[in-house]
Amino acid sequence: MIKAAVLGATGYAGAELVRILSLHKDASLVWLASHSYSGKKFSDVYPMMKGRCDLVLQDDDIAKASENADVIFLALPAGLAAQSVTPELIRSKVVIDLGADFRLKDRSTYEAWYHNQAADEDLLAKAVYGLVELHRKEIKSASLIANPGCYTTCSILTLYPLVRNRLIETDTIVIDAKSGTSGAGRSSKTDNLFCEVNENIKPYGVAAHRHTPEIEQELSLAADEDIILQFTPHLVPMNRGILATCCARLRPGVGEDEVKAAYSECYGNERFVRLCSDIVQTKNVKGTNYADISFRIDRRTGNIIAMGCIDNLVKGAAGQAVQNMNVRFGCDEAEGLDFLSACTF
């Protein structure tokens with residue numbers, strides 16, 4: 001039995017992680033921490049978990065968590081994991097960070113986009129980017145796993161086969177992405193109040209969103225060339241979900257057959273990527289660990305429009321973290337994650 005600790009357990013991603021781990025036959029929750037609710041039971045904060053997870057919440061103390069757990073999940077604000085994780089810790093424990101502190105390999109890039117001090121070089125060198133569909137082999141032996149961001153997961157998975165197989169002109173990539181409000185976290189912010197969000201849609205982080213360099217890093221690795229792209233996120237009035245619409249110019253001679261073959265080669269055997277003939281929509285992935293992807297080719301312009309959607313709290317955060325744990329500890333990759341959402345009509 002894998003003993004699991006979650007720090008930041010009462011945020012939206014942390015709570016989703018607790019819910020999923022409570023369903024996992026090979027894992028046991030032994031330590032939950034929350035700066036805001038220390039001393040309360042988890043089920044006092046989330047009553048739906050009463051009788052399912054009644055652990056008392058502790059302070060966010062990674063050292064104490066490590067005394068009890070085999071794997072430590074960090075669902076903390078940017079900057080805190082870099083201060084807490086040490087080389088000594090990851091010699092004996094597995095750390096899966098749901099934040100951004102270990103995702104970017106270049107320290108100066110992290111500091112420019114996040115305005116925090118970057119993690120030490122030796123820790124960054126040991127960290128593995130935890131997008132299982134791209135880095136499964138490295139994750140199997142990793143002790144420090146950087147769980148990808150939600151926008152990045154959706155955007156990278158949608159574009160990866162096109163970039164890897166050199167089917168598009170990489171300097172023409174434009175990503176238009178939309179997210180539900182849970183992506184902004186559980187803390188109180190005026191911009192996320194019901195009256196601000198309801199009956200409204202707005203772009204934010206225009207030309208400055210922190211997930212941009214993460215998308216560029218992973219797609220550049222896939223293409224073996226530096227990629228600079230345009231990424232614009234939008235906030236939409238729903239709780240969960242991300243939809244990324246990615247447009248790029250096809251290379252001369254590339255048609256539908258080549259595109260279909262590329263997606264099938266990359267994802268034909270993947271448990272959590274579904275290639276769809278219909279246009280994807282967020283209601284079909286809500287509450288699941290699936291990424292749904294479809295595409296259309298505009299023969300008039302020579303562009304491909306590739307579309308992907310995920311649940312930002314599951315495949316974009318907690319579900320992906322559990323998928324990483326499963327790969328790292330040799331469990332069935334779908335353990336704890338093989339569920340569908342309730343039907344929505």
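Throughout, read-outs are computed from the coordinates displayed, never taken from laboratory work. All figures in this text were calculated on a predicted structure; none of them were measured in a lab. All Cβ positions, glycine included, derive from the backbone under ideal geometry; neighbour counts span all protein chains shown.
General remarks:
- Simple label model, 7 Å out from Cα along Cβ direction - Ile228 to Ala78, nm: 2.0
- Taken about its Cα centre, the chain carries a charge dipole of roughly 760 debye when the Cβ of each Lys and Arg holds +1 and the Cβ of each Asp and Glu holds -1.
- The lysine pair tally for region 150-310, using Cα distances under 17 Å and a gap of 8 or more places or different chains, is 4.
- Arg136-Arg251 pseudo-label distance in nm [points 7 Å out on the Cα-to-Cβ vector]: 2.5
- Based on DSSP H segments of at least four residues, each scored -39500 (n - 2.57), the chain has a per-residue ellipticity at 222 nm of -8500 deg cm²/dmol.
- Annotation note: GluC sites (Glu not before Pro) in region 124-215 located in DSSP loop regions with a Cβ neighbour count of at most 15 within 10 Å are Glu169, Glu199.
- Spacing of the modelled spin labels on Arg91 and Lys25, each 7 Å from Cα toward Cβ, amounts to 3.7 nm.
- Largest mean-square fluctuation among Leu131, Leu98, Leu167, in a Gaussian network model of the chain whose springs join Cα atoms under 10 Å apart, belongs to Leu167.
- Ascending count of other beta-carbon atoms within 10 Å, so fewest first, for Arg271, Arg91: Arg91, Arg271
- Length-normalised contact order for the chain - Cα pairs under 8 Å, 6+ apart - percent: 17
- The chain: angle of helix 256-267 to the longest principal axis, Cα-based, in degrees nearest 10: 20
- Each of Asn165, Gly185, Gln217 was placed along the dipole of region 150-310 (beta-carbon charges, centred on the mean Cα), and the one lying farthest toward the positive end is Gly185.
- Top positive-direction residue, dipole computed over region 150-310 with Cβ charges, set Thr153, Val280, Asn198: Asn198
- Net charge in the neighbourhood of Leu337 (other residues with Cβ under 10 Å of its Cβ; Lys, Arg +1, Asp, Glu -1) is -2.
- Over region 197-250, the pair-distance histogram of Cα-Cα distances with 10 Å bins from zero comes to 20, 45, 26, 8, 0 percent, rounded to whole numbers.
- Region 150-310: relative contact order as a whole-number percent, Cα under 8 Å and 6+ apart: 31
- Counting charges near Lys64 (Lys, Arg +1; Asp, Glu -1) among other residues having Cβ under 15 Å from its Cβ returns a value of -4.
- Cβ crowding within 10 Å averaged over residues, with 7-17, 294-304 ranked highest first: 7-17, 294-304
- Estimated FRET transfer efficiency when R0 is 45 angstrom, pair Leu340-Ser36 (beta carbons, to 0.05): 0.90
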